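So the structure is just underneath, and the comments pick up after that.
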Amino acid sequence: MCSRFAQSNRWSKAKAFQFAKDINETRSRFNIVYTESALIILKPGTDYTVEDARFWLMAPWSKSIKDSLQYSTGNAKSETIFELKSFKEPIFSSRCIIPCDAVFEPIGPSGSKQPYALRLNDNEPFGMAGIYSRWQNPETKERIQTFSIITVPSNELFTKYHPKQRMPVILPPENYEAWLDTKLNTKKQISQFFQIYPSELMHAYPVSKLLLSPKNKLEGEECLKEISLEEKRDTLF
């Protein structure tokens, strides 16, 4: 599934995202994984908003953050999104776009996986389709915005790097506003957006293994820097 991605602040200045007016200066986050925060674009009413959200959809009935982690809700499969309890309501009423520079996929044996960045050919930011849910802590009453990335079967490029042959739904810019339109409310209408993005419009390249390191996790723009596999391998620990 899609479990690690980069979100630089370039998207907030990109022409494709200017429909979400009055975007404040955003900070870059180059190595986002499950349960960490990212910015999402949503349209809860008549206006677009940009909000910080946790990368792991938390259903309203979850008793705690720990309780929510027993359900696999970081990604939502397009094939079952209309059926599963955690997703079947948000897909109709709470859709969002997650701006992204690259999706990271590691390949190789356990302990020595090599991560790759999968990006558009022009390296421009793109929007991934998602759903969101605002969870309220029953004890503290704190409200937490959360989201899930919608996935489809992988294209030829993602198939080379994803063991389960999945990829995010990458929306063409001309579909951004339509995806968030509250009038979009039938399964047939929504399903039309679940397209497999053409592999010929994307490319992949190797990046530092420090991206995957739990102790020395790479966080900066170096996450997107292409490396040569002929060079000396990074030290993880």
**Request:** Using per-residue counts of other Cβ atoms within 10 Å, averaged over each peptide, order 104-110, 35-41, 180-186, 170-176 from highest down.
**Result:** 35-41, 170-176, 104-110, 180-186
**Asked** Looking at this model, which pairs from LYS15/LYS188; LYS63/LYS215; LYS187/LYS217 are more than 32 angstrom apart at the alpha-carbon?
**Response** LYS187/LYS217
**Message:** Output wanted: per-residue J couplings in Hz (rounded whole) for the range 89-105, from phi through Karplus 6.51 cos²θ - 1.76 cosθ + 1.60, θ = phi - 60°, x for Gly and Pro.
**Reply:** 8, x, 5, 8, 10, 9, 9, 9, 10, 10, x, 8, 9, 7, 9, 9, 10
**Complete:** Expected vector for the range 175-185, Karplus 3J(HN,Hα) from phi with 6.51, -1.76, 1.60 and θ = phi - 60°, integer Hz, x for Gly and Pro, equals 9, 4, 5, 5, 5, 8, 5, 5, 6, 7, 9
**Where labels lie 7 Å past Cα in the beta-carbon direction, separation of THR80 and ASN24 in nm** = 3.8
**Item:** Amide H within-cut-off set for CYS96, under 5 Å, with H built and near neighbours excluded
**Value:** GLY130, ILE131, TYR132
**Fill in**
Rounded to whole Å, √(5λ) for the Cα gyration tensor eigenvalues of the range 89-185, largest first, gives 28, 20, 12
**Request:** Could you let me know the centre-to-centre spacing of the range 159-237 and the range 1-61, using Cα atoms, in angstrom?
**Result:** 14
**Message:** What lysines does LYS21 reach when the alpha-carbon gap must be under 24 Å and sequence neighbours fewer than 8 apart in one chain are set aside?
**Reply:** LYS13, LYS43, LYS183
**Request:** State, to one decimal in nm, how far the label point of ASN123 lies from the label point of ARG143, with both points 7 Å from Cα in the Cβ direction.
**Result:** 4.0
**Item:** Percentage, to the nearest whole number, of Cα pairs in the range 1-141 over 23 Å apart
**Value:** 40
**Request:** Taking the Cα atoms of the range 125-182, report the difference between the largest and smallest coordinate on each principal axis, in whole Å and largest first.
**Result:** 46, 30, 19
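If you roll a 1.4 angstrom probe over the protein chains with everything in place, what fraction of the accessible area of the chain belongs to carbon and sulfur, to the nearest %?
Heavy-atom surface of the chain belonging to carbon and sulfur, 1.4 Å probe: 48 percent.
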**Asked** What percentages, rounded to whole numbers, describe P(r) for the range 72-124 computed over all alpha carbon pairs with 10 Å bin width beginning at zero?
**Response** 19, 31, 32, 17, 0
**Request:** List every residue whose amide H lies under 5 Å from the amide H of PHE30, counting only residues 5 or more places away in sequence or on a different chain, with H placed 1.01 Å from N in the peptide plane.
**Result:** GLN7
**Message:** Taking the solvent-accessible surface of protein heavy atoms with a 1.4 Å probe, what is the per residue accessible area of the chain in Å²?
**Reply:** 51
**Prompt:** Which whole-Hz ³J(HN,Hα) couplings does the range 34-43 yield from phi under the Karplus relation 6.51 cos²θ - 1.76 cosθ + 1.60, θ = phi - 60°, glycine and proline marked x?
**Reply:** 3, 6, 8, 9, 8, 8, 10, 9, 9, 9
**Message:** Under 5 Å between amide hydrogens, which residues at least 5 positions from LYS77 or on another chain qualify, with H placed 1.01 Å from N in the peptide plane?
**Reply:** THR151
**Hull-based mean projected area of the range 42-93, where the convex hull spans the alpha carbons, in square nanometres** = 4.3
**Request:** With just the Cα atoms of the chain, tell me how far they stretch along each of the three principal axes, in Å, largest first.
**Result:** 52, 41, 36
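The values are calculated or read from the model by the stated rules, or taken from the named source; none is laboratory data. Keep in mind that this is a model prediction, so the values were computed, not measured. Here Cβ is always computed from backbone atoms with ideal geometry, including for glycine, and neighbour counts include all displayed protein chains. Areas reflect the complete protein model, heavy atoms only, side chains present, ligands, DNA and RNA absent. Shrake-Rupley method; radii C 1.70, N 1.55, O 1.52, S 1.80 Å.
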